[in-house]
Amino acid sequence: DLVTDSLVYRYDPNASPDGLPGDEGTFSLCTFDYVNALASAGYLDKARMVFEKMLTHASPLGLYAEEIGPTGEQLGNFPQAFTHLALIDAATSLDQALDR
């Protein structure tokens, strides 16, 4: 229920209101974690598609913000170190799974 167009929300604000103003974007770290989960479960085509789609949301310098907004804009902390660690982890996991 948290996946929309291959991007992943960290929670559903309608189900768990946080009391903060504004809308929540998809959480970049969660999307890369989703790639890991898909690759680990053997859904390699889907994992690769999600990973490649997420690559299109990088800034011109290849950096990621904490969140991706509904029209692809970078939201929240930028650049976000944890997102980049998740990117490396997803790339490594996907590469290893594809090599098997």
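The values are calculated or read from the model by the stated rules, or taken from the named source; none is laboratory data. Owing to the predicted nature of the structure, the values given are computational and were not obtained by experimental measurement. We place every Cβ from the backbone using ideal geometry, glycine too, and count neighbours over all the protein chains shown. What goes into the accessible areas is simple: the full protein's heavy atoms, side chains included, and nothing from ligands, DNA or RNA. Shrake-Rupley method; radii C 1.70, N 1.55, O 1.52, S 1.80 Å.
Things to note:
- What a 1.4 Å probe finds exposed on the chain is 55% carbon and sulfur by accessible area, rounded to a whole percent.
- Ellipticity estimate at 222 nm from DSSP helix runs (n ≥ 4, -39,500 (n - 2.57)) divided over the chain, nearest 500: -14500 deg cm²/dmol
- Surface analysis of the chain yields an accessible area of 61 Å² per residue, using protein heavy atoms and a 1.4 Å probe.
- In plain terms, the chain from residue 100 to residue 1 could stretch by 32.7 nm, reckoned as 0.36 nm per residue minus the Cα-Cα distance.
- Taking the square roots of five times each eigenvalue of the Cα gyration tensor of the stretch 1-78, the equivalent ellipsoid has semi-axes of 22, 17, 9 Å, listed largest first.
- Each peptide in 80-87, 27-34 was scored by the mean count of other Cβ atoms within 10 Å over its residues; highest first, the order is 27-34, 80-87.
- Between helix 28-40 and the chain: long-axis angle, C-alpha atoms, 0 to 90°, nearest 10: 30
- FRET E, pair residue 49, residue 71, Förster distance 25 Å, beta-carbon r, rounded to 0.05: 0.75
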